[in-house]
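The values are calculated or read from the model by the stated rules, or taken from the named source; none is laboratory data. Every value quoted in this text rests on a predicted model; they were computed, and no experiment measured them. Here Cβ is always computed from backbone atoms with ideal geometry, including for glycine, and neighbour counts include all displayed protein chains. What goes into the accessible areas is simple: the full protein's heavy atoms, side chains included, and nothing from ligands, DNA or RNA. Shrake-Rupley method; radii C 1.70, N 1.55, O 1.52, S 1.80 Å.
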Amino acid sequence: RLTVAAPEVCPAFDDGRAETSIRAAVDWFEAALLPNGQYVYEYDAGTGARSDDYNLVRHAGVTMSLYQLAAHRGDERALGIADAALEYMLANLYAPEPGMVAFARPGEWPKLGGSALMLAGLNLRRDATGDARHDETMRALARFTVALQREDGSFLEFWDPGSGVPSPDYT
């Protein structure tokens, strides 16, 4: 056999390097947090311009990861950053039916991913703080998640606001 490019070998990763990486990630998310609770998603260092493109699933995933750090390590700074980003999420809830919400901006089809990650993040926030104020939002997000689950256990990806039901075209 001939190998043109040898597989990459990662260096050993010890606790000190892990801690340094965690701190660097939290520093980045803190620096990337905008006043409206969004994160800088794309940035062109050459022009200094931020992209108008934004990904709600990534927003929810980053926020969930910060809540995970708060829940498992008591990181108050991560909790504060995540709470600021949560305000953006709470301001962008879509109610497809009474008692059900999804994380979606106006005019967009609500997606399973962002809503499920928001639910997981809120659960981690509750673990970190013991604060029950978002419990009803968690239940409403869970109802949305269950509404997208099919009989075989798989999930549909989108809720179609026009038809008022999950779109059967995307899994």
Inset, instruction - Quantify, in whole percent, the carbon and sulfur part of the accessible surface of segment 16-95 (1.4 Å probe; protein heavy atoms only). - result: 53
Inset, instruction - Post the alpha-carbon centroid distance, segment 16-75 to segment 94-171, in whole angstrom. - result: 22
Legend entry - Ala45/Val146 FRET efficiency (R0 25 Å; Cβ-Cβ; nearest 0.05): 0.05
Inset, instruction - Heads up, I need the accessible area for Thr137: 1.4 angstrom probe, whole protein in place, Å², nearest 10. - result: 30
Legend entry - Choice from Arg139, Arg126, Arg50 showing the highest fluctuation, given a GNM over the chain with Cα pairs closer than 10 Å: Arg50
Legend entry - Percent carbon-and-sulfur accessible area, segment 102-171, ignoring ligands, DNA and RNA, probe 1.4 Å: 51
Inset, instruction - For the chain, give the magnitude of the charge dipole about the Cα centre (Cβ charges: +1 Lys/Arg, -1 Asp/Glu; no others), in debye to the nearest 20. - result: 140
Inset, instruction - May I ask you to derive the FRET efficiency for Glu108 and Asp15 from their Cβ-Cβ distance with R0 = 30 Å, giving the value to the nearest 0.05? - result: 0.15
Inset, instruction - Quick one: which residues, 5+ away or cross-chain, put their amide H under 5 Å from the amide H of Glu157? H built at 1.01 Å from N. - result: Tyr170, Thr171
Legend entry - Length added when fully stretched, Glu136-Leu90, from 0.36 nm per residue minus Cα-Cα: 15.3 nm
Inset, instruction - Enumerate the amide H contacts of Leu34 below 5 Å, restricted to partners 5 or more residues apart or on another chain; note that Pro and chain-start residues carry no placed amide H. - result: Tyr39, Val40
Legend entry - segment 66-82 - phi-based ³J(HN,Hα) in whole Hz, Karplus 6.51/-1.76/1.60, Gly and Pro as x: 5, 5, 5, 5, 5, 5, 8, 10, x, 6, 5, 5, 4, 4, x, 5, 4
Inset, instruction - Provide the net charge surrounding Thr20, with neighbours chosen by a C-beta distance below 12 Å and charges set as Lys +1, Arg +1, Asp -1, Glu -1. - result: -2
Inset, instruction - For segment 26-118, just say rounded, prolate or oblate: build the C-alpha gyration tensor, square-root its eigenvalues into a ≥ b ≥ c, call rounded for a/c under 1.5, and beyond that prolate if a/b exceeds b/c, oblate if not. - result: oblate
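May I ask you to order 10-16, 164-170, 76-82 by the average number of other C-beta atoms within 10 Å around their residues, highest value first?
Values: 10-16: 7.0, 164-170: 13.4, 76-82: 19.1.
Per-residue mean Cβ counts within 10 Å order the peptides as 76-82, 164-170, 10-16.
Taking a probe of 1.4 Å, how large is the accessible area per residue of the chain, in Å²? Working shown, then result.
On the way: 10140 Å² over 171 residues.
Roughly 59 Å² per residue, with all protein chains present.
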